[in-house]
Ligand code: GLN
């Protein structure tokens, strides 16, 4: 029996369409059918756009018949609902943007579309990307395809679950403190967070502007590299996107890890980490060593300060970014009589509890008299964290660590305890604070069958090194060949 089309990797799907084995309409229909079959159980999508997808697929097929080709021609993908898509509702997982129709498309998405991508729909997210589980979505919680009673991670949990449920070939996510890597780890797929400035943030609805970066969730490292290739590069609409040449990310994938220096930070193997996670990551490191990598113990001494620094910087920036939702310009408006009452009512009803908590924390940290003590101090410590990495990368090429201290937890388990939720970010936020890149690649599962992710960290613009190491690991292990079966769930 031939494999159903939805099970293909992005790379194999492109190859198949180029060879004329199937059309984009057939592939897209297979994915729409898959969404219909599993998403009632998984809840990965906030919006599915079947007509639009089939129309784009037909256009891709027509173009191909006329001899056209492009890196993603006819490839169905899903987009996290914090990325603006012209004419397609973009909610950020929030009531305040429930009916928001962006008048333009985010640059990253536009580049995928220009390369031929077919958009299947928009995926669920914690409200304004604030969270680690999608439980903060104002609409519903996405379920982990490996165990529907567990979270998929967040905030790009819809994208992670959609890839893991094979309800898309790949998906875009965003990563402010781990939101691509954590769902990738919890769902057993690949998650790539590029360096700050590598991908344009134009049209990404901002959370923490100095931390946000658009990333990829995919079935394989090669697929993630392919999508990054299309998105990366300078954009005149985002002054923080770097005007530097983009390397060919796939060219070096097969170079292996012979001689690659892999740093192991002692601060990332701490007490409290789930023993199976620690064991799986250590086994993965030993595997890299067997493949020829050189393992180097390192230290990142300021790691323990990262959590408070992150939750000051991120909330401060969020409080400023979210001030634009005033019930006047766009989004939900309570329609109250006085302007002040309208602000109060619109924001009071439009935002959920976690978003309000962060706005309050951030506003406090930025307020007169506290700025120096909190925000400024946090920025200074952030510099130390960045310097830790710079020092480490003088002696190593990549750094290996767990993605998160535990595997996916149960829905509801942490929702009453924000601090224990924030702790899930302890190994991922440091990269965003330093502006560097990282990838999560499946490296095992715990005794409940829940996936475990290996994080490979690279220096600023060091995507080639982490892709190469992750690819070498993936291709010599078989975690990427194992799939969840949400279709068998009784819902
Ligand atoms: N969990 C982190 C937070 O809540 C990171 C979220 C993200 O990367 N968008 O801020």
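The values are calculated or read from the model by the stated rules, or taken from the named source; none is laboratory data. The structure displayed is predicted, hence computed values, not measured ones. Ideal geometry is used to build each Cβ from the backbone, glycine not excepted, and the neighbour counts take in all protein chains shown.
Key figures for this structure:
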read-out	value
Filtered residues of the range 276-301 (kept if more than 25 Å from the chain's Cα centre (by Cα) and closer than 22 Å to residue 425 by Cβ)	298, 299, 301
Close pairs (7 angstrom Cβ cut-off, 6 or more residues apart or separate chains): under 9 Å from residue 153 (Cα atoms) and within 6 Å of the ligand (Cβ to nearest atom) in the range 175-186, modelled with pLDDT of 95 or more and outside any helix (DSSP H, G or I) anywhere	179/154; 179/155; 179/156; 179/173
Hey, residue 264 part of a strand (DSSP E or B), modelled with pLDDT of 95 or more and surrounded by 14 or more Cβ atoms within 10 Å (Cβ to Cβ) or not	yes
Single residue of the range 296-328 satisfying the filter (farther than 30 Å from residue 398 by Cα and surrounded by 18 or more Cβ atoms within 10 Å (Cβ to Cβ)) that is nearest to the ligand (Cβ to nearest atom)	318
Selected residue (criterion: farthest from the ligand (Cβ to nearest atom)) from residues of the range 153-164 that are in a loop (DSSP other than H, G, I, E, B) and in contact with a helix residue (DSSP H, G or I) (Cβ under 6 Å, 6 or more places away or on another chain)	153
From the options 229, 222, residue that is out of contact with any helix residue (DSSP H, G or I) (no Cβ under 9 Å at 6 or more places or on another chain) and under 24 Å from residue 9 (Cβ atoms)	229
Of all residues in the range 361-376 being closer than 30 Å to residue 459 by Cβ and free of Cβ contacts under 8 Å to residues at least 60 places away in the same chain, the one that is surrounded by the most Cβ atoms within 10 Å (Cβ to Cβ)	362
Odd one out for residue 352 among (1) under 29 Å from the mean Cα position of the chain (by Cα); (2) farther than 26 Å from residue 417 by Cβ; (3) surrounded by 17 or more Cβ atoms within 10 Å (Cβ to Cβ)	(2)
Lone unmet requirement of (1) closer than 23 Å to residue 439 by Cβ; (2) within 16 Å of the ligand (Cβ to nearest atom); (3) assigned to a loop (DSSP other than H, G, I, E, B) for residue 167	(2)
Residue 149 vs. criteria within 26 Å of residue 412 (Cα to Cα) and crowded, with 24+ Cβ neighbours inside 10 Å	no
Selection status of residue 228, surrounded by fewer than 23 Cβ atoms within 10 Å (Cβ to Cβ) and away from the ligand (no atom under 16 Å from the Cβ)	no
Positions within the range 188-212 being within 25 Å of residue 409 (Cα to Cα) and either in a strand (DSSP E or B) or within 15 Å of the ligand (Cβ to nearest atom) (or both), in sequence order	190, 191, 192, 193, 207, 212
When residues of the range 113-142 are limited to those that are in contact with a strand residue (DSSP E or B) (Cβ under 7 Å, 6 or more places away or on another chain) and part of a loop (DSSP other than H, G, I, E, B), the one farthest from the ligand (Cβ to nearest atom)	117
